[in-house]
1. So the check is Cβ under 6 Å with 6+ separation or different chains; which pairs have a first residue in the range 101-116 that's closer than 10 Å to residue 164 by Cβ and acidic (Asp, Glu) and a second one that's assigned to a helix (DSSP H, G or I) and at pLDDT 90 or above?
2. Step by step: first the residues of the range 387-437, then only those that are aliphatic (A, V, I, L, M), within 28 Å of residue 376 (Cβ to Cβ) and assigned to a loop (DSSP other than H, G, I, E, B), then the one that is modelled with the highest pLDDT. Which residue is that?
3. Taking interchain pairs and intrachain pairs at least six residues apart, which have beta carbon atoms under 8 angstrom, with the first residue in the range 229-243 and open to solvent by 10 Å² or more (accessible area, probe 1.4 Å) and the second of a type in the set (D, E, K, R)?
4. Among the numbered criteria (1) among the small types (Gly, Ala, Ser); (2) more than 25 Å from residue 241 (Cα to Cα); (3) modelled with pLDDT of 90 or more; (4) open to solvent by 50 Å² or more (accessible area, probe 1.4 Å), which single criterion is violated by residue 137?
5. Given the options 126, 152, name the one that is within 25 Å of residue 23 (Cβ to Cβ), surrounded by 15 or more Cβ atoms within 10 Å (Cβ to Cβ) and within 32 Å of the chain's Cα centre (by Cα).
6. For residues in the range 332-362 being over 18 Å from residue 206 (Cβ atoms) and part of a loop (DSSP other than H, G, I, E, B), which is least open to solvent (accessible area, probe 1.4 Å)?
7. For the range 330-383, how many residues are farther than 30 Å from residue 268 by Cα and of a type in the set (Gly, Ala, Ser)?
8. Before we move on, is residue 169 in contact (Cβ under 8 Å) with a residue 40 or more places away in the chain, on the phi < 0 side of the Ramachandran plot and open to solvent by 40 Å² or more (accessible area, probe 1.4 Å)?
Amino acid sequence: MSSTANVNDALDGHVALELDCVDRLYLNAYVPRLQVGGQVVAFFTQHRGDPIPSPALMERNGNRFRREVRAFAEEHAIPVLRLKKPDRTRWDDRKLDHVRPYLEQAERAGRFGAVAIVVAQEFQWVLSAKNRSTKPGVVSYDFVKEERRVGVYYFYVLDADFGPGFIKVCTYFPYPAKVWVNGHEWAKRQAQRAGIGFTALANGFATCEDPTALQAICDRFAPTDVQAFFDRWTAAIPTPFTPADRAAGYWWELSVRQIEVSRTLVFDDPRRARGFFEALVADNVGIGRPEQVAVVFARQIRRGRNHRFRTRVFGPGTEVKLEFSYQHSRVKQYLKEGRALRIETVINKPRDVGVLSRLEHLPELVAKGRGVNHRLLLIERAGQGCAIGSALFERIHQPYVWEGQRTGALRFGDQRAMALAGALCVWVHAVAGFTNASLRGLVAGLLGRDYTTSQMTYDLRRLRLHGLIERIPHTHTYVLTPEGIRVAVFYTKLQSQLLRPLLAADRPPAPPEVRRALATIDRAISDYVENARLGVAA
């Protein structure tokens, strides 16, 4: 019989390089002093000295910016690409795909600077002027935010520190902007400067002479590096704000719109990578539930909140991905170039994980993302190493007496015990904890009948006395102990992935050889019964 691939075996002995690094980083750039109508009035009247704030002033400023962009492109011989809405049926119709030849040409020449400008029409939140006066010939403008389809400029640059990146600037007031950089590309250039030898993986590292030093480089990625990129290129490209505007405090500040925090495990043999991922997919499809994604973010599910979960497994060609979603964020797992496992935590809204979005909070966001990746890997390890010893199995099958109080056993096969184990396998509880109310609904759903608060209280007590859960001090929240995780997964997998298939092994979809073997055994036993004259009485 061939050996079954195991996640723990692959991780313990066949990982040649393991690296935590920020991947893609997408930021908002906004002007704090130009967010509401009163600030717009102050900008034009108090700062620029215009007597009447009007949309004509906005248009005049926007036209000046557009002229400066055209002059900048002509002066530096920068190609201007006017792209329509991308064709989502094509993988190579992204803006970056159209700009890539210019980036590669500049990199071959060792030339840093703006390499292309993409002009596009996109929906943006901009300020519009509305006349609130009802008198003919009288104007009194209100400035309100609304989402409109407007023109934007993508300034694609090749940076000495970050490599490819872009700054997108809207052409309408108050000129919201976006910034895109890549942490892996930044780390590659820092490693080159430090003289650390490596071979590149697509958007990552395949090998490295000094993994410890490389990880130290990734660890020092900071908000100052991103801010320096933004300051460097806003000083080089045209902007809708003048030096006087900036001196008066009318300038962009950065906040995180999207961050991808990755953990890459490069295996010493592509076969190991494939076996690892096949084992991972099989294990998660077997007992996974959509709710288990919340463990990744360590956020407690509370009643009355509108939590959105989604889980899907898909495979374009031969490549398979696991993707878990929570609120506006998600976690992806996939094989990179057939030899590396990539875990990516994509946080699209920092508040999903309890972090503010200003750039200064980037280290906290990175720590949250790394924690997500780390916990996910721990859970997957536990899922494939959950067999429990006979001592633990016998202990939880016996009633427990503590300080004169007796609590019931947790016997395998008991309907209520199995429902408890299945509910505890919702991995959010393994990290964020659970309460009487949050666990009771899950157990009731698995039982398919009413399950009272007092029954849940009794079950929590017996779980606690058996050492499978413990209460967080000064709260009504419980967490699973390491033994509790193993028992819950062991019970659930033993029932769903072993006993149920074996009990149904005499009929499809059981393999033909198993069905034939069982039929042979059945005939042999029938012969013994008949020879002993023990058949059914007439």
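The values are calculated or read from the model by the stated rules, or taken from the named source; none is laboratory data. Source: prediction; values computed, not measured. Cβ atoms come from the backbone with ideal geometry, glycine included; neighbour counts cover every protein chain shown. What goes into the accessible areas is simple: the full protein's heavy atoms, side chains included, and nothing from ligands, DNA or RNA. Shrake-Rupley method; radii C 1.70, N 1.55, O 1.52, S 1.80 Å.
1. Listed by first residue and then by second, the contacts come to nothing, as the list is empty.
2. Keep residues of the range 387-437 that are aliphatic (A, V, I, L, M), which gives 387-388, 391-392, 396, 401, 409-410, 417-421, 423-424, 426, 428, 430-432, 437.
Those still in the list that are within 28 Å of residue 376 (Cβ to Cβ) too: 387-388, 392, 396, 410, 417-421, 423-424, 426, 428, 430-432, 437.
Then drop every residue that is not assigned to a loop (DSSP other than H, G, I, E, B), which leaves 387-388, 410, 426.
Details: 387: 62, 388: 68, 410: 86, 426: 68.
In this case the residue turns out to be 410.
3. That search, which allows pairs on different chains as well, returns 232/159; 233/159; 238/68.
4. Status for residue 137: all satisfied but (3).
5. Numbers: 126 fails: within 25 Å of residue 23 (Cβ to Cβ).
Checking each option against the conditions leaves just 152.
6. The first filter runs over the range 332-362 and keeps only residues over 18 Å from residue 206 (Cβ atoms), leaving 332-333, 345-362.
Then drop every residue that is not part of a loop (DSSP other than H, G, I, E, B), which leaves 348-349, 354-357.
On the way: 348: 53, 349: 89, 354: 48, 355: 3, 356: 85, 357: 49 Å².
In this case the residue turns out to be 355.
7. Qualifying residue count for the region: 2.
8. On the way: in contact (Cβ under 8 Å) with a residue 40 or more places away in the chain: yes; on the phi < 0 side of the Ramachandran plot: yes; open to solvent by 40 Å² or more (accessible area, probe 1.4 Å): no.
No: the conditions fail for residue 169.
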